[in-house]
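Structure first, commentary second.
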Amino acid sequence: MMPHKVSDTAWAYCLGEMNEADAADFATRIAAEPALARDVADCEALLHKLGGWQNEPMPPWDPRHMVNRQSHHWGLQWLTAAFAAAALVFSLLPHFHASATGIQFTWSGAGISAAQMESRLLQFDSRNKLAVERRIAELREDQTLKNRRLVVSLLTVAEQRRRNDLIQMASWFSQQKELSNRQQRQIVQWVADAQQHDDARINALWTTVSNREESVP
Amino acid sequence: MHLTPFPSTDQTLVAKALSGSQRAWTKLVRRYEQEVFNHALRMTGHHDDARDLTQDIFLAVFRNLPSFRGDARFRTWLYRIAKNRSIDLLRKRQKLVSIDTLGDCPELSQAGDVDHFHDNCEVIALLRLLSSEQRLILELKFFQQFTFEEIGAQMNTSSNTAKTRYYAALNKLKSTSEANHDAAQSL
């Protein structure tokens, strides 16, 4: 007999995933349908087989080695960090070294007391303050000079621009005047030409009239 | 007698393990190691592979412990890692075992009684008939009792797809068992 696929509903019934009402309906169907009952029995047999699994014990092992490995790793990191910090301290502060009684100070190779060290530091501090104040004054003066230069250069530029504008204006006026003169000359020429033309016509007319008078018997 | 009226929660043990407590970590592992080992045994079908896989899973859990934010249950998170590791291993091996090995189960430890050995052997032989994905879905639903929603989330599918695949896997097992049974009877 060829095996066939069981419906999802049958599996849901066998796995107990149906609600009570649906399960009751399905049970009624099983009672009425022998083929369905066989399917359900097969499903239950398979599930029973799978459910027969009995847990095997885990073979002995030690999970602590993972933590140990990690801790060792972290330990190494801390050691490296501590070593780096120590190296930094010794490289940045070569004039200080620790002793069993406390801290001793050396200045240019010679040992000095804490009070002397403090006094020198204070001197150093006051010298630094003075230097800083001087520097500020210098910077201010420098800035003032720079500001002045800037103002002068701006004024120069403005003056130059004003001159250029005036030159351009004069040039424009001159061009306009020249244009106007040319037009005036043109008009005078036109008037002269017209007058000359009129004179010629009058003369011609006069000549014609005179000729006619002479020809009258 | 050592009494622990209020056993530590997984979250507490995780927090302690993260702060470097070996004891908390060991406790957490002991709580789940048998469950994970049996999962690995069903997935691989080999005792030694299962032991290695279990250790590999817990190593991955330990390494990823700082990323566990407690959004899901620790067990769900653990099985997500277990699922990935199992699939990786099965992909690497790609062992195809013949149906002829049904009933023959040399890979188990045989540490328990004969019936127990026989039952487990049968289950492993059945599971070998499935693809790794089908085996995994059966493992998560039938043996680990995860909901279809949880399985869907683990396998990046919908819960309905997970359900369909689960029933398909069961159908495949049933069909193959019946075919084997018929073949045995005809001999």
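General remarks:
- Share of pairwise Cα separations in the stretch A:163-217, more than 16 Å, in percent: 67 percent
- Computed from backbone phi with θ = phi - 60° and the Karplus coefficients 6.51, -1.76 and 1.60, the 3J(HN,Hα) list for the stretch B:142-150 is 6, 8, 9, 6, 6, 6, 5, 5, 5 Hz; x is used for glycine and proline.
- Using all pairs of distinct alpha-carbon atoms, the Kirkwood hydrodynamic radius of the stretch A:114-207 works out to 21.6 angstrom.
- Sorting B:123-134, A:200-211 by their mean Cβ neighbour count within 10 Å, with the most densely packed peptide first, gives B:123-134, A:200-211.
- Using every pair of distinct Cα positions in the stretch B:130-187, the Kirkwood expression returns a hydrodynamic radius of 12.1 angstrom.
- Cβ-placed point charges (K, R +1; D, E -1), dipole of the stretch A:114-207 about Cα centre in debye, nearest 20: 540 debye
- If you sort the three axes of the alpha carbon gyration tensor as a ≥ b ≥ c, you get a/c of 1.5 or more for the stretch A:8-47 and a/b no higher than b/c, which makes it oblate.
- Taking amide H atoms as placed 1.01 Å from N in the peptide plane, the amide H of residue A:112 lies under 5 Å from those of A:105, A:106, A:107, each 5 or more residues away in sequence or on another chain.
- In order through the stretch A:51-56: 3J(HN,Hα) via Karplus (6.51 cos²θ - 1.76 cosθ + 1.60), integer Hz, x for Gly, Pro: x, x, 4, 10, 4, 8
- Which of B:174, A:129 has the fewest Cβ neighbours within 10 Å, and the rest in rising order: A:129, B:174
- Summarised as an ellipsoid, the stretch B:36-80 has semi-axes of 23, 11, 5 Å, derived from the eigenvalues of the Cα gyration tensor scaled by 5 and square-rooted, with the largest first.
- For the stretch B:1-60, alpha-carbon Rg and Dmax in angstrom: 13.6, 38
- The modelled label-to-label distance between residue B:18 and residue A:62, using points 7 Å beyond Cα along the C-beta direction, is 2.8 nm.
- Separation of the alpha carbons by more than 20 angstrom is noted, of B:92/B:174; B:92/B:141; B:141/B:172, for B:92/B:174; B:92/B:141.
- Taking other C-beta atoms within 10 angstrom as a stand-in for reagent exposure, B:32, A:13 fall in the order B:32, A:13, fewest first.
No value in this document is a laboratory result; all are computed from the given coordinates. Remember, predicted model here, so these are calculated numbers, not experimental data. Backbone-built Cβ (ideal geometry, glycine too); neighbour counts: all protein chains shown.
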